[in-house]
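The values are calculated or read from the model by the stated rules, or taken from the named source; none is laboratory data. Keep in mind that what you see is a predicted model, and the values were worked out from it rather than measured. Here the Cβ positions follow ideal geometry from the backbone for every residue, glycine too, while neighbour counts run over all protein chains shown. Side chains are part of the model used for accessible areas, which takes the heavy atoms of the whole protein and leaves out ligands, DNA and RNA. Shrake-Rupley method; radii C 1.70, N 1.55, O 1.52, S 1.80 Å.
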Amino acid sequence: MSRKVIAGNWKMNKLPNEAIEFISKIEEVAARSDNEVILCVPFTDLFYSLLTAQNTKVKIGAQNMHWEEKGAYTGEVSGKMLKSIGTEYVIIGHSERRQYFAETDETVNKKLKAAFANELKPILCVGETLEQREQGIQEKVITEQVEKALEGLTNEQIQNTYIAYEPIWAIGTGKTATAKDASNAMQSIRKKVEEIAGAEVAQKIILLYGGSVKPDNAKPLLEAPDVDGALIGGASLQVEEFTEIIEYNDK
Ligand code: 13P
């Protein structure tokens, strides 16, 4: 795929005024680029971000959601609520949520189903820890995460799930997977998707790499075989850095 997905994950960063300013500044870059530009913002920035991004090519996503529509779940936000204000994407199963907020393969699966029930486009995250990589079991870990996450989804839903491979040891550490590591992981994921949903879905599904993607390493990672895009944390917080990554192929 020559058109890439460039998705930012702001995590717990930026106030609404900062979100508005950021989106206004990258609007033109996104309009010029063939790449799909997505920003996944904190809940408190969603509404302002959606308004600012209206009639632009910048797409807006959330970073988490609950699987129930409504109810006694203090502090949670449902897929239905996200959809009601026009949210298009939602990250599901980010490793920080798995690590710090007790997200499991089972809750990830429920959230994916709820995302589709509310016509949200999910960005599913999978990835191994450093310990698992040192044991050489990364392929087993990520393919199991994929299998459990996609359980019970239709082939069409699977095809419309963006899957981000984010090795935990590469997140926020400055250490990136090599282009070859990223490609290998993507190939394992595609193979697993093929087993579950067939060759056509496996060929069409969009796979992203995440973990210390920066302007100076974006090109080899994005051009690695089987990599369809990137999910970017730290470098999505700076207009200049994010812009350089969106325009990585113009260099
Ligand atoms: P960094 O780009 O800061 O390593 O974060 C990656 C990530 O977790 C994106 O979801």
Considering only segment 14-97, give the helices (runs of 4 or more DSSP H) lying wholly within it that have at least 3 residues that are within 17 Å of Ser236 (Cβ to Cβ) and touching a residue at least 12 places away in the same chain (Cβ under 8 Å).
16-32, 43-53
Matching option when the condition is within 16 Å of the ligand (Cβ to nearest atom), closer than 25 Å to Met12 by Cβ and more than 19 Å from the chain's Cα centre (by Cα), among Leu124, Leu130
Leu130
With the requirement that a residue be open to solvent by 60 Å² or more (accessible area, probe 1.4 Å), in a helix (DSSP H, G or I) and closer than 24 Å to Gln203 by Cα, what does segment 127-158 give you?
Glu139, Lys140, Glu144, Glu147, Lys148, Asn155, Glu156
Taking Ile189 as the residue in question, decide whether it is open to solvent by 50 Å² or more (accessible area, probe 1.4 Å), outside any strand (DSSP E or B) and touching a Leu at 6+ places or on another chain (Cβ under 8 Å).
no
When the residues of segment 103-126 are filtered to those that are assigned to a strand (DSSP E or B) and β-branched (Val, Ile, Thr), which remaining residue is farthest from Glu88 (Cα to Cα)?
Val126
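Every residue, every condition in (1) over 23 Å from Gln63 (Cα atoms); (2) surrounded by fewer than 19 Cβ atoms within 10 Å (Cβ to Cβ); (3) more than 15 Å from the ligand (Cβ to nearest atom), yes or no:
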residue: Asn160; (1), (2), (3): no, yes, yes
residue: Ile163; (1), (2), (3): no, no, no
residue: Glu166; (1), (2), (3): no, no, no
residue: Thr176; (1), (2), (3): no, no, no
residue: Ala179; (1), (2), (3): yes, yes, yes
residue: Lys214; (1), (2), (3): no, yes, no
residue: Val227; (1), (2), (3): no, no, no
residue: Ile232; (1), (2), (3): no, no, no
residue: Glu247; (1), (2), (3): yes, yes, yes
Return the residues of segment 166-193 that are out of contact with any Ser or Thr (no Cβ under 9 Å at 6 or more places or on another chain) and within 19 Å of Ile232 (Cβ to Cβ); say none if nothing qualifies.
Thr178, Ala179, Asp181, Ser183, Ala185, Met186
